Amino acid sequence: MTAQPPVPDSFFSIHRHGFARIAVATPLARNGDPAGNGRAIEAQAREASQRDVDVVVFPELSLTGYANDDLHLQEATLLATLAGIESIRAASEDLKPVLLIGAALSRNGRLYNCALAIHRGRILGVVPKIYLPNYREYYEKRWFASGDGTDGLTIEIGEETVPFGPDLLFAASDRPGLVLHIEICEDYWAPFPPSIDGALAGATVLCNLSASNITIGKSHDRHLLSASQSMRCLGVYAYSAAGHGESTTDLAWDGQGEIYELGDLLAESERFSRGGELLIADVDCNRVLQERMRMPTFNDAAARRGHPETRFRRIAFQQGVAYGDIGFHRPIRRFPFVPNTPERLDQDCYEAFNIQVDALVTRYEATPGDTMVIGISGGLDSTHALIVAAKACDRMGVSRKNILGFTMPGFATGDATKSNAWKLMEAMGISAAEIDIRPAARQMLTDMGHPFADGEPVYDITFENVQAGLRTDYLFRLANQRNGFVIGTGDLSELALGWCTYGVGDQMSHYAVNTGVPKSLIQYLIRWCVTSGQFDETTDAVLAAILDTEISPELVPADAQGGLQSTEEKIGPYELNDFFLFHILRYGFAPSKVAFLAHQAWRDKTTGRWPIGFPDAKKREYDLDTITFWLEKFLFRFFQTSQFKRSAIPNGPKVSAGGSLSPRGDWRAPSDSSAAAWIAELREAMGRR
């Protein structure tokens, strides 16, 4: 790689890539002391501003205190509340974030439990609570009126008239994706939370100001509601509950805060903290918008609700963009197809493996013949296809001898992989055989007049594909001869890159059982089969040896130093290619954003979480130049040169939510498209042409 010009500062800005920094605050509270509570809110607001936060969500009635009971109705409390609001408004003039604070406000002879949106010295609007709990320990209807039906109204706060009602959205005019909706505590415990209409109207960040006393098991319930609401509404859900300082006369408080995005937990606070807490996460508004575009059901829901955007009022504010690197408060998985936590990894591997096994069982039972034919190379993909087939036989009560495994050494087949292939077939107890393809390959090269036939060391693509094609040709004819069908071994990563021989080659089979599984996940599926005891100890030992073997097509003989052909030296590290594939296939992100995320995930191998059990010796890191070098090659291969192979792939099950590349499933694209737009976007973002 040649030296590259400096990357523009804007590339490292989270805002350039569609992120917003959200904070959930839990200030220390004291009932009956709006002035003191206001000072605590201002202190956290200043800290949030110093940390480049865009929005801060405070708890319900954070200015007055939730457990005030009848003190809510005292005139002194109401006057002190207005004074506290004015103090916070004035303090906000020099602060960056939008402040969402809770306070009780009177209007037209009624008292409302409200959330105020304050930004840069301006009260943007006031949202009243709709659902007032009045059961068990709650008595809110004793003090407050519901905000239901107050759409389109205003409220006087001091000398200012501001929008009032549950029909308010707060939209950043200089951030197309940052649109806020507010609901309060009980609102999202209702069967139809107001935030549903808010999301359908265009809000991407759904904010809940809550008090919510703590009881045993309630923390789990809050997580469940926040996760489900963020997933159902295809948005971000930021939740803040009251904490230390609220009255414990009859109740207790834990200060739970959490930020979810599309069902994923980005951050959660320390509960029962005695100090004020500021929980921060960088949420991806761009991801939210991309997901909504990909799900027509979201628009259908909006239509069924009469398009709520026609009923909501949008209040604009100018947020400002922080250019340069302000850090990144967000967990990024280096292996997006592989979970980081042990419990999720075990569950995902169980599901992935059984999806493949059950799919193959169904295909076997529906296909004439009684044998499965597999080419066994001793590499990851054919190993995984074989263990799926073996488990399918076990599940059907069919002898594993019905699996016909063939190892087919060529001009560059190594002793180690050939040995592993034989050991694996023997350990599995399948019908095993060997066919040396070199005589047939020499004859074909001779018939073609290829220089290799005359002894010249010419190892071009023809030389490689003659071997790859012969192997598949043998497998198909063997399937004809032995009353069976060919099990494909190629994986999702290879399809993305077009790293497969088209037609009579490893691109084709009768059933492609691995076609929905990326290379990075296949390694974990094989490890899971070992750790979960799917097979015996002899098989486990062979599987472990195969996992330690370098990935190579073994089509070109070793060089003078004994170095074997390396797939990753040619097409790039699979761990990076799988990262690129996930974010482009699943979300359609711009290449510059994919590069930004990859840099955050891979720039330092000592930080962040690795999947459980990942070998220390294989932990790698990549600088931005290396990432963009391989990303550009990925873009060219994915968008310009490989689609024709994917358009003609055989049947195979979708396995990962990250997507599949079947034209009958997730991905439809023209085979003659250009990658120019994607490459140009990446180069421009990097300050290159």
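Before moving on, here are some points about what is shown:
- Test: residue in the stretch 404-419 that is out of contact with any strand residue (DSSP E or B) (no Cβ under 7 Å at 6 or more places or on another chain), assigned to a helix (DSSP H, G or I) and open to solvent by less than 30 Å² (accessible area, probe 1.4 Å): yes
- Among the residues making up the stretch 137-153, those that are under 39 Å from the mean Cα position of the chain (by Cα), open to solvent by 20 Å² or more (accessible area, probe 1.4 Å) and without any contact (Cβ under 8 Å) to a residue 60 or more places away in the chain are Y138, S146, D148, G149.
- Residues considered: A227, A252, A242. Of these, the only one that is of a type in the set (A, V, I, L, M), open to solvent by less than 10 Å² (accessible area, probe 1.4 Å) and over 18 Å from G177 (Cα atoms) is A242.
- Against the conditions (1) closer than 17 Å to S62 by Cα; (2) of a type in the set (F, W, Y); (3) open to solvent by 20 Å² or more (accessible area, probe 1.4 Å), W189 satisfies every one except (1).
- Checking each residue in the stretch 10-38 for being over 26 Å from the mean Cα position of the chain (by Cα) and touching a residue at least 12 places away in the same chain (Cβ under 8 Å) picks out T26, P27, L28, A29, R30, N31, G32, D33, P34, A35, N37, G38.
- Just so you know, in the stretch 598-636 the residues that are among the aliphatic types (A, V, I, L, M) and open to solvent by 20 Å² or more (accessible area, probe 1.4 Å) include one that is nearest to L585 (Cα to Cα), and it is I612.
- Residues of the stretch 353-390 that turn out to be under 16 Å from G405 (Cβ atoms) and acidic (D, E), as a count: 2
- Index of the failed condition, N134 passing every other in (1) closer than 17 Å to A172 by Cα; (2) open to solvent by 20 Å² or more (accessible area, probe 1.4 Å): (1)
Quick grid of which residues meet (1) in a helix (DSSP H, G or I); (2) aromatic (F, W, Y):
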{"site": "Q443", "(1), (2)": "yes, no"}
{"site": "D447", "(1), (2)": "yes, no"}
{"site": "P457", "(1), (2)": "no, no"}
{"site": "F463", "(1), (2)": "yes, yes"}
{"site": "G469", "(1), (2)": "yes, no"}
{"site": "L475", "(1), (2)": "yes, no"}
{"site": "V486", "(1), (2)": "no, no"}
{"site": "G490", "(1), (2)": "no, no"}
{"site": "S493", "(1), (2)": "yes, no"}
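- Residues satisfying the stated conditions in the stretch 173-219, i.e. hydrophobic (A, V, I, L, M, F, W, C), within 27 Å of the chain's Cα centre (by Cα) and assigned to a loop (DSSP other than H, G, I, E, B): L178, F192, A201, A203
- Contact annotation: residue pairs with Cβ atoms under 6 Å, 6 or more positions apart or on different chains, pairing a residue in the stretch 461-483 that is farther than 16 Å from I435 by Cα and touching a residue at least 60 places away in the same chain (Cβ under 8 Å) with a partner that is among the aromatic types (F, W, Y) and open to solvent by 20 Å² or more (accessible area, probe 1.4 Å), are F463/F452.
- Count - residues of the stretch 204-224 that are at pLDDT 95 or above and either β-branched (V, I, T) or open to solvent by less than 20 Å² (accessible area, probe 1.4 Å) (or both): 6
- Among the residues of the stretch 274-288, the one identified as touching a Gly at 6+ places or on another chain (Cβ under 6 Å) and over 12 Å from V205 (Cα atoms) is L279.
- D616 passes every criterion in (1) modelled with pLDDT under 95; (2) touching a helix residue (DSSP H, G or I) at 6+ places or on another chain (Cβ under 8 Å); (3) under 25 Å from I332 (Cα atoms); (4) among the acidic types (D, E) apart from (2).
- Every pair of residues 6+ apart whose Cβ atoms lie under 8 Å, when the first sits in the stretch 320-347 and is farther than 20 Å from L492 by Cβ while the second is hydroxyl-bearing (S, T, Y) and part of a loop (DSSP other than H, G, I, E, B): V321/S13; A322/S13; Y323/S13; G324/S13; D325/S13; I326/S13; D346/S532
- The condition of being on the phi < 0 side of the Ramachandran plot, hydroxyl-bearing (S, T, Y), open to solvent by 20 Å² or more (accessible area, probe 1.4 Å) and in contact with a Gly (Cβ under 7 Å, 6 or more places away or on another chain) holds for only one of S62, S13, S87, S106, that being S87.
- Long-range neighbours under 7 Å by Cβ, at least six apart or interchain, first residue within 18 Å of L543 (Cα to Cα) within the stretch 388-399, second among the polar types (S, T, N, Q): V388/Q356; K391/Q534
- For beta carbons closer than 6 Å, sequence separation of 6+ or different chains, a first residue in the stretch 410-422 that is within 16 Å of Y474 (Cβ to Cβ) and a second that is assigned to a helix (DSSP H, G or I) and open to solvent by less than 20 Å² (accessible area, probe 1.4 Å), the qualifying pairs are G410/Q467.
- Matching residues, the stretch 637-669, being touching a residue at least 40 places away in the same chain (Cβ under 8 Å), outside any helix (DSSP H, G or I) and open to solvent by 60 Å² or more (accessible area, probe 1.4 Å): N651, K654, A657, D666
The values are calculated or read from the model by the stated rules, or taken from the named source; none is laboratory data. Worth saying up front: this structure is predicted, and the values here are computed from it rather than measured. Using ideal geometry, Cβ is built from the backbone for each residue, glycine included, and neighbour counts are taken over all protein chains shown. To get the accessible areas, we keep the full protein, side chains included, count just its heavy atoms, and leave off ligands, DNA and RNA. Shrake-Rupley method; radii C 1.70, N 1.55, O 1.52, S 1.80 Å.
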